[in-house]
Amino acid sequence: MVWTRSTCVVSFILFFAHIAAVSIKHISKGNVYAEDFDEQKDISAINLAAGLDLFQGDILLQNSRNGLRDPEARWKFPIPYILADNLGLNAKGAILYAFEMFRLRSCVDFKPYEGESSYIIFQKFDGCWSEVGDQHVGQNLSIGQGCDYKAIIEHEILHALGFYHEQSRTDRDDYVNIWWDEILPGYEHNFNTYDDTFITDLNTPYDYESLMHYEPFSFNKNESAPTITAKIPEFNTIIGQRLDFSATDLERLNRMYNCTTTHTLLDHCAFEKANICGMIQGTRDDADWVHEDSTKPGEVDHTLVGRCTGAGYFMHFSTSSGMAEEAALLESRILYPKRKQQCLQFFYKMTGSPSDRLVVWIRRDDSTGNVRKLVKVQTFRGDLDQNWKIAHVTLREEKKFRYLFQGTKGDPQNSNGGIYLDDITLTETPCPAGVWTIRNFSSVLQNTVKGQKLLSPRFYNSEGYGLGLTLYPHGRVDSGGSGFLGIAFHLCSGENDAILEWPVENRQVIMTILDQEPDARNRMSSSMVFTTSKFHTSSAINNSVIWDRPSKVGSYDKDCDCFRGIDWGWSSVVSHQMLKRKSFLKNDDLIMFVDFEDITYLNQTEVQTQNTRLIPQGLILQDEEQASKEASEKVSLENALPGSLDQEQPSRQKRSVENTGPLEDHNWPPYFRDPCDPNPCQNEGICVNVKGMASCRCVSSHAFFYTGERCQAMQVHSSILGLMIGSVAGVIFLSFAIISILSQKLRQ
């Protein structure tokens, strides 16, 4: 019986150890950690930190298809896409936001994957990278950590559409200097140029503002020394901009794909031409709107701000004469919407009587094909403000329609002005939840220092949450550089707080500093995107979630008579120089938008593919046609099941040593040699190129795993080992128990 009790105790201990091992393994796998929220870094810095050494820094070469030169590598629209579930929620929302930028400016469009043979799957691998052109299989586009910014995503999609980097053009050296001694050893290949047989400029000039241009400090070995500078010094702070597409980027994109229209821009008018964009004057009203220029003192247009003689037109309706309630109608051409929601944006000012009115109407199809049914949408009243103001009106039209502006005189005897209209834009996109205008911004810059901030009024989103913006004219106190704006978002207490859910998670915040270029297609606005999370905490509130109810975690602000929560944002968003170079400060006004939308529905977006998908065969560097062709012939095709998409590293199953012949000598420089070809890893290990060195990722199953520099040693998981030991101990225990029982019976 002593043996029986001892065996039972030992078996129990081993069994408990086994259960503990299994439980610990399960818990560690279930932990989820918040991503670091840091200042935006450029693609080259992100990829260097990830240990990647790709062609031109962020291009994955799989085969010889050239999106610029090979018509077969041009996409057919809409492009099918998949958002893999290893992407963060914010990355998914930022990708969809970038899609909208393409739809607004070009004929490029995207659609959810539905079994097509060609598609893009957006995944979270290490770094930011893409392939070039349509590879006619499922192809990867990586939005790794730190890549989930609008401009970076646009950059990588432009690669997928067929574009290379601007500074790799044949004529590059006519426009920029490359400081070869300042480049990291082994990364000089990123600054190579290519002739017209490989890259074409589509008959456009060199573009310092291109979204596809390297920034000055790309691949530099000295933090204070640039590797690339412009021969026109004015552009040294411009090259590598990560705001948005440049005008030339869009010109090339639209040339390549023969775009003649866009998807979401319905109408635009700056009134610079005598035909006033096809708008018509009403026939049943009392007066007309007048097409005027900026020659009269005090009457300056918004488009050109009176800077050009013989240009700078606007529409004007005088309210200083005639009779009260006399009206004038200005009516758009007939428009044909594709979506169910539109945003009418325009600039206006009302300098006459406070009782003057500007009314926006819609004329709808009356179900007989005639556009005649009038619906009043919104009314603006006089305010004696001599400044141009921006306005947004939400429309919800599904059939053909017109929009109308009705100007009405309120009190002509006490009016010395009128109503002005300029820069009308109608898009099939939602209007912003909040619009904040800061006037005389040059004076604000002069009278503030680093760390000082301005707070916006309180806005409400469609769910009823109160929200606001914080602007740091010179950045936060802890920001590294100087000469930049900082911007942040915070919640405000509001009238709906009692019925809203707190803390508020999975809401995507989009903060935009508006480039007031009149044509929305050419705006290079600065937009920053993030998504609220329960992991956003602050030590200032005992590590509570900052997105909790503002009356609980915020501080009282008498200006809004509300509580404002802790803000969350960036210290350096756009430079003061860029503000002045572009149209951010038209009339010395800085305009900002903010949106706050629930994107919980994006938590699960991945779908199973119905065909084969090209798995990335490592992050290789090949620009020789022969080498690229050879790689494409040997690349493997695997079924893309959802379970294979949640890995943190791209698959890299290279040819094994025994299945390959001797490596052909192409006289390639060292950075074009692939240390993982042939694969040095044993036991089906996956080889990864880490800064030019082969690193093996060993196979692991539920029962065993491989270790060692080349995955040469097999080990058993502790849980399995515990189970085996427990089983053996159980058998021993059972054997002793049976022997004990039999011996007792024999004695009897």
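The values are calculated or read from the model by the stated rules, or taken from the named source; none is laboratory data. Remember, predicted model here, so these are calculated numbers, not experimental data. FYI the Cβ positions are ideal-geometry reconstructions off the backbone, even for glycines, and counts take in every protein chain you see.
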Inset, instruction - Give the residue, chosen from T262, T229, that is in contact with a helix residue (DSSP H, G or I) (Cβ under 7 Å, 6 or more places away or on another chain), of a type in the set (S, T, Y) and surrounded by 18 or more Cβ atoms within 10 Å (Cβ to Cβ). - result: T262
Inset, instruction - Filter the range 557-594 down to the residues that are small (G, A, S) and over 26 Å from T429 (Cβ atoms), then identify the one that is modelled with the highest pLDDT. - result: G565
Inset, instruction - Just need a number here: residues in the range 122-180 that are among the hydroxyl-bearing types (S, T, Y), without any contact (Cβ under 8 Å) to a residue 60 or more places away in the chain and out of contact with any strand residue (DSSP E or B) (no Cβ under 8 Å at 6 or more places or on another chain). - result: 1
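Here is a yes/no grid of residues against (1) acidic (D, E); (2) on the phi > 0 side of the Ramachandran plot; (3) out of contact with any Leu (no Cβ under 7 Å at 6 or more places or on another chain):
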{"residue": "G410", "(1), (2), (3)": "no, no, yes"}
{"residue": "S415", "(1), (2), (3)": "no, no, yes"}
{"residue": "R439", "(1), (2), (3)": "no, no, yes"}
{"residue": "T448", "(1), (2), (3)": "no, no, yes"}
{"residue": "G451", "(1), (2), (3)": "no, yes, yes"}
{"residue": "F459", "(1), (2), (3)": "no, no, no"}
{"residue": "R476", "(1), (2), (3)": "no, no, yes"}
Legend entry - Given (1) more than 27 Å from the chain's Cα centre (by Cα); (2) at pLDDT 95 or above, number of the condition E505 does not satisfy: (1)
Legend entry - Test for P550: is it modelled with pLDDT under 95 and either in contact with a strand residue (DSSP E or B) (Cβ under 7 Å, 6 or more places away or on another chain) or crowded, with 18+ Cβ neighbours inside 10 Å (or both): no
Legend entry - So S28, is it crowded, with 17+ Cβ neighbours inside 10 Å, modelled with pLDDT under 70, among the small types (G, A, S) and not in a loop (DSSP other than H, G, I, E, B): no
Inset, instruction - Evaluate the range 107-121: report whether one residue or more is within 16 Å of the chain's Cα centre (by Cα), closer than 26 Å to T260 by Cα and of a type in the set (K, R). - result: no
Inset, instruction - Answer yes or no: is there a residue in the range 270-283 that is over 25 Å from A328 (Cβ atoms) and either in contact with a His (Cβ under 6 Å, 6 or more places away or on another chain) or outside any loop (DSSP other than H, G, I, E, B) (or both). - result: no
Inset, instruction - Look through the range 320-378, keep the residues that are out of contact with any His (no Cβ under 7 Å at 6 or more places or on another chain) and aromatic (F, W, Y), and return whichever of them is farthest from E299 (Cα to Cα). - result: Y336
Legend entry - So D173, is it of a type in the set (D, E) and out of contact with any Gly (no Cβ under 8 Å at 6 or more places or on another chain): yes
Legend entry - D301 vs. criteria without any contact (Cβ under 8 Å) to a residue 40 or more places away in the chain and surrounded by 13 or more Cβ atoms within 10 Å (Cβ to Cβ): no
Inset, instruction - Mind counting the residues in the range 429-483 that are farther than 30 Å from R396 by Cα, among the hydrophobic types (A, V, I, L, M, F, W, C) and surrounded by fewer than 20 Cβ atoms within 10 Å (Cβ to Cβ)? - result: 6
Inset, instruction - Say whether the condition of being at pLDDT below 95 and farther than 30 Å from W75 by Cα is met by at least one residue in the range 245-267. - result: no
Legend entry - the range 354-413, residues that are touching a residue at least 40 places away in the same chain (Cβ under 8 Å), over 23 Å from G322 (Cβ atoms) and of a type in the set (S, T, N, Q): N387, T394
Inset, instruction - Residues being part of a helix (DSSP H, G or I), of a type in the set (D, E, K, R) and over 18 Å from G306 (Cβ atoms): count how many of those fall in the range 578-595. - result: 1
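Conditions (1) of a type in the set (V, I, T); (2) crowded, with 19+ Cβ neighbours inside 10 Å; (3) more than 18 Å from I438 (Cα to Cα), marked per residue:
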residue: D519; (1), (2), (3): no, no, yes
residue: I546; (1), (2), (3): yes, yes, yes
residue: Y556; (1), (2), (3): no, no, yes
residue: C560; (1), (2), (3): no, no, no
residue: G565; (1), (2), (3): no, yes, yes
Inset, instruction - Exactly one condition in (1) surrounded by 17 or more Cβ atoms within 10 Å (Cβ to Cβ); (2) part of a loop (DSSP other than H, G, I, E, B); (3) modelled with pLDDT of 95 or more is not met by R339; state its number. - result: (1)
Inset, instruction - Would you check if there is a residue in the range 354-366 being among the β-branched types (V, I, T) and in a loop (DSSP other than H, G, I, E, B)? - result: no
